[in-house]
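We did not get these values from a lab; they are worked out from the coordinates using the rules stated. What you are looking at is a predicted structure, and each value in this text was computed from that prediction instead of being measured. Note: ideal-geometry Cβ built from the backbone for every residue, glycine included; neighbour counts use all protein chains shown.
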Protein chains: 6
Amino acid sequence: MIKDSQYDAGLELRRHMFGAAGAEDQVENTTDLNDKMQEVVTRYCFGDIWQREGLDRKTRSLVTLAMLVATGRSHEIRIHLRGGIANGLTEEEIRELMLHSFLYCGIPAAMDGFRAAEEILAESRETANA
Amino acid sequence: MIKDSQYDAGLELRRHMFGAAGAEDQVENTTDLNDKMQEVVTRYCFGDIWQREGLDRKTRSLVTLAMLVATGRSHEIRIHLRGGIANGLTEEEIRELMLHSFLYCGIPAAMDGFRAAEEILAESRETANA
Amino acid sequence: MIKDSQYDAGLELRRHMFGAAGAEDQVENTTDLNDKMQEVVTRYCFGDIWQREGLDRKTRSLVTLAMLVATGRSHEIRIHLRGGIANGLTEEEIRELMLHSFLYCGIPAAMDGFRAAEEILAESRETANA
Amino acid sequence: MIKDSQYDAGLELRRHMFGAAGAEDQVENTTDLNDKMQEVVTRYCFGDIWQREGLDRKTRSLVTLAMLVATGRSHEIRIHLRGGIANGLTEEEIRELMLHSFLYCGIPAAMDGFRAAEEILAESRETANA
Amino acid sequence: MIKDSQYDAGLELRRHMFGAAGAEDQVENTTDLNDKMQEVVTRYCFGDIWQREGLDRKTRSLVTLAMLVATGRSHEIRIHLRGGIANGLTEEEIRELMLHSFLYCGIPAAMDGFRAAEEILAESRETANA
Amino acid sequence: MIKDSQYDAGLELRRHMFGAAGAEDQVENTTDLNDKMQEVVTRYCFGDIWQREGLDRKTRSLVTLAMLVATGRSHEIRIHLRGGIANGLTEEEIRELMLHSFLYCGIPAAMDGFRAAEEILAESRETANA
């Protein structure tokens, strides 16, 4: 695997948004099964598209969460709530996003978003108080 | 139907985002079949949730589009591209949103978003030049 | 293909719900490409599950439409609105179903349902007046 | 928050369908994060749409479940199985709904519905025997 | 229930792909609630469509997994990874399928597929070593 | 944009599967709006993932179609039917794929696949006879 500046930028953004557990810990412990997928995430996702201008990172977190709530991806909603908070999303913005999703995705999608938000915001407050 | 301040605010926002064709023309020509649905859209959607603070209207247009692209709602993508442009979305922001959707929703969703964007942005340029 | 009583019952129900165009016209003009799929629809769908007791046919039309609205299958919504009207669904019940879908599937799903309902109910009134 | 007759009717229906745990316990313990969403559920969902004539409550439970099975919302399927039983749905009707979903949503959706039904119907029998 | 050659062929394929736990154990312990659904799975799914020529069983496992990843059916992905391995799918083919799904379904779908693959392939290696 | 060997391989595969209309015609006429998306399709999709060993191209076409049918992407189903035929998919394999999708995605998904298959296979026969 080539580790050039695109790769490095992707890894740095992963570290910023998800900590070492979502960056080095994952890319340094890949197996034959998942090494290419990890490269795709680092290089194409966080090293290319997420690096582009035109939408800042906080806004990219917001639209990412909108897409994840819409498609019912509960696991990734939690991951990107953490990443979004690292990118500056506030509790108020998260609440408004989940409320807004009720309009276009229905109550079950919104409730799933709120369950994730309650959990991750509580975790985030604990970390801040530690 | 009660036409109070919540209703009026919703109708005004519909007019701002979609013109008379997406506001008076629809609510004044309702039938037994669709009058309650039109009230839901005016009062609950644009008169309540869209009126809240915490996310400005341009950002609400952006997350609305993110949800519509994620769920493959081609018809509404076009409607909310028009509304989003009225709320201040730029061509660059629309492009970045569609590109970003490739990551979380796959190529077909992104391509569907780009097809709609090409169409509505061309229409928007024509109107500006008229 | 075996044409036994299950097959016959399925074909008769297709004729009742969709007319000859959705029954004989389809099963008698199959090709190598679609003959097995037509048999699946006649035998497994309308000849088995739809024949069961426990939910009457009007109610089966209602839950079928609920599933089609939820999954955004616009083409089949139209087909099953016609079939549902043949099974006794009223305009009021159709309206309430579409309104109800707003709660659990969001506005775009409901609006898609209403667009189909307007079209098929108009067609149905014309036929009644002819 | 205004607590008028629409709000009261919604809360009463929530209590009827889900018990105190799905009514008072939730609306009296809201936080800044979820108070508006709880109001949406009480007022717009159960206080408005669910109160309408044209489809009785048992039928509304049935179409709600049809939509939840179609969109794979396992958590809400369980909640609305409980609510549906409170609204009069029988084991036979629940079985036929899940079987019917196989036709329009595929085997995985139907199996997910059956897993939820087995769990909630067992729970319901225990409560009846207690 | 009629137990003819179609039924027998379906049960045998279920046993081959999922072991006794996914075959006899399920069909011999049915209840009023799930007996028809079990018959549908044995007779229509594994006794008819899966028995057809034109696509071999390994390829049918691959396209089944593609559909399950695309629709986010995590529970069935695990079941059909086991069935696919019994039908001859290799670790390399499973990896490539999950990577490929990133293109058409997005990263969350692919990551969900990889999580299931890691789990089931580890289980499969343990069984082979036992 | 860098046009290296990965880019060239991607463009060549696009040309092989979709003709000049799906290759040069698209990448040489990009605008500010879609140039990056076209690069993503050429480089990441057809220049990287589609180039990998482990699944041959015909099999990749088959799983791509499985994903597109499952997610209801009618437009892309047509595009990838053409590409799949170029990669060697036969009418029989296409029929079996669509039939198989009935099991895991339901009748509306399968019927949508058959409608696309009828259209594209007719087009393909005409071209062969021309």
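Computed quantities for the displayed model
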| item | result |
| --- | --- |
| Compactness of the range A:1-56 - radius of gyration and Dmax, Cα, Å | 10.9, 36 |
| Label point 7 Å beyond Cα along the C-beta direction, distances from C:Gly19 to other copies (nm, shortest first) | 3.6, 3.6, 5.2, 5.5, 6.4 |
| Helix-only mean residue ellipticity at 222 nm for chain D, each DSSP H run of n ≥ 4 adding -39500 (n - 2.57), per residue, nearest 500 | -21500 deg cm²/dmol |
| Pseudo-label separations to other copies for A:Gln51 - Cα-to-Cβ vector, 7 Å, nm | 1.9, 4.6, 5.6, 5.6, 6.4 |
| For the protein assembly as shown, convex hull of alpha carbons as volume per residue, Å³ | 188 |
| Ranking of A:Phe18, F:Phe46, A:Phe102, D:Phe114 by count of other Cβ atoms within 10 Å, fewest first | A:Phe18, D:Phe114, F:Phe46, A:Phe102 |
| Likely footprinting exposure, E:Ser74, C:Ser5, fewest C-beta neighbours within 10 Å first | C:Ser5, E:Ser74 |
| Straight-distance crosslink candidates among aspartates and glutamates, where the alpha carbon sits under 15 Å from D:Lys58 and sequence neighbours closer than 8 are dropped | C:Asp56, C:Glu93, C:Glu96, D:Glu91, D:Glu92, D:Glu93, D:Glu96 |
| Rotational relation F to C, axis-closest Cβ in chain F, residue and distance rounded to whole Å | F:Gly72, 4 |
| 3J(HN,Hα) from dihedral phi, the range F:31-48, Karplus parametrisation 6.51/-1.76/1.60, rounded to Hz, x for glycine, proline | 10, 3, 5, 10, 5, 5, 4, 4, 5, 4, 5, 5, 7, 7, 6, 7, x, 10 |
| Debye, to nearest 20: dipole size of the protein assembly as shown, +1 on Lys, Arg Cβ, -1 on Asp, Glu Cβ | 0 |
| Chain A - Rg over Rh from alpha carbon coordinates, Kirkwood radius | 0.99 |
| Cα-based Kirkwood hydrodynamic radius, the range A:55-130, one decimal, Å | 12.1 |
| Sorted by Cβ neighbour density within 10 Å, fewest at the top, the residues B:Ile107, E:Ile94 | B:Ile107, E:Ile94 |
| Of the DSSP H helices in chain A, those whose Cα atoms cover at least 24 Å axially and whose Kyte score averages -0.5 or more | A:107-129 |
| Under DSSP loop assignment and at most 10 Cβ neighbours within 10 Å, longest GluC sites (Glu not before Pro)-free interval of chain D | D:54-130 |
| Qualifying lysines (Cα of each under 18 Å from Cα of D:Lys36; at least 8 residues distant if same chain) | D:Lys3 |
| Most fluctuating residue given options D:Thr64, D:Thr42, D:Thr30, as computed from a GNM of chain D linking Cα atoms under 10 Å | D:Thr30 |
